[in-house]
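Below is one structure, written out as structure tokens; comments come after it.
The values are calculated or read from the model by the stated rules, or taken from the named source; none is laboratory data. For clarity, every value in this text was computed on a predicted model and none was experimentally measured. All Cβ positions, glycine included, derive from the backbone under ideal geometry; neighbour counts span all protein chains shown.
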Amino acid sequence: MKKTICILLSVYSILTYSCKKDKKETASIIGKWYWVEQTYDDYTNDKLTDHRDYTTTLDPLSYFEFKVDGTFIENPQDRNGLFEYGKYQIAGDSLFVKRDIDQKATRYAIKKITSSSLVIHFSGSSSIYRGEVEYTMKRQ
């Protein structure tokens with residue numbers, strides 16, 4: 001009887017441990033995010049033709065501030081103090097940003113989001129040309 005109970009407890013322990021789901025960090029985009037890295041890649045016929053890294057020249061005062069009501073304020077690079085406003089929406093792993101001056105929203109793939117780090121990626125293309133931009137931001 002003791003042997004059966006020990007076996008059952010062992011099996012129960014193994015099943016309980018193996019069935020626990022990994023806790024993923026769920027982070028909100030709400031808040032002020034400062035640019036810390038920015039890269040551009042250009043492709044022709046899927047071949048990398050140019051890579052530019054603007055990380056060392058980023059304005060430390062530039063940011064995106066995402067609000068609870070689905071609006072944002074942007075203090076853009078190279079135009080500190082000339083704020084832009086608009087609306088945003090998150091759908092799955094995509095961030096859609098529509099500035100008030102834009103005709104349509106721009107889709108960014110959310111590559112990473114934690115409580116302190118946000119990485120978004122944009123890819124735009126025409127027939128043989130493709131440009132990709134990746135932004136890394138930190139919450140302070």
- Result of the Cβ filter at 6 Å on region 40-59, keeping first residues that are farther than 18 Å from residue 121 by Cα and partners that are surrounded by 14 or more Cβ atoms within 10 Å (Cβ to Cβ), at least 6 apart or interchain, is 49/42; 59/77
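To keep it simple, each residue is scored yes or no on (1) farther than 16 Å from residue 74 by Cβ; (2) modelled with pLDDT under 95; (3) hydroxyl-bearing (Ser, Thr, Tyr).
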| residue | (1), (2), (3) |
| --- | --- |
| 101 | no, yes, no |
| 109 | yes, no, no |
| 121 | yes, no, no |
| 124 | yes, yes, no |
| 128 | yes, yes, no |
- Query: Tally time: how many residues in region 99-118 are aliphatic (A, V, I, L, M), farther than 17 Å from residue 138 by Cα and surrounded by 14 or more Cβ atoms within 10 Å (Cβ to Cβ)?
  - Reply: 1
- Task: Please give the strands (runs of 3 or more DSSP E) falling wholly within region 76-140 in which 1 or more residues are free of Cβ contacts under 8 Å to residues at least 24 places away in the same chain, of a type outside the set (S, T, N, Q) and over 18 Å from residue 38 (Cα atoms).
- Result: 84-91, 94-99
- Can you tell me which residue in region 88-98 is nearest to residue 30 (Cα to Cα), limited to those that are in contact with a strand residue (DSSP E or B) (Cβ under 6 Å, 6 or more places away or on another chain) and surrounded by fewer than 16 Cβ atoms within 10 Å (Cβ to Cβ)? 89
- May I ask you to verify whether residue 133 is farther than 19 Å from residue 31 by Cβ, surrounded by 16 or more Cβ atoms within 10 Å (Cβ to Cβ) and within 13 Å of the chain's Cα centre (by Cα)? yes
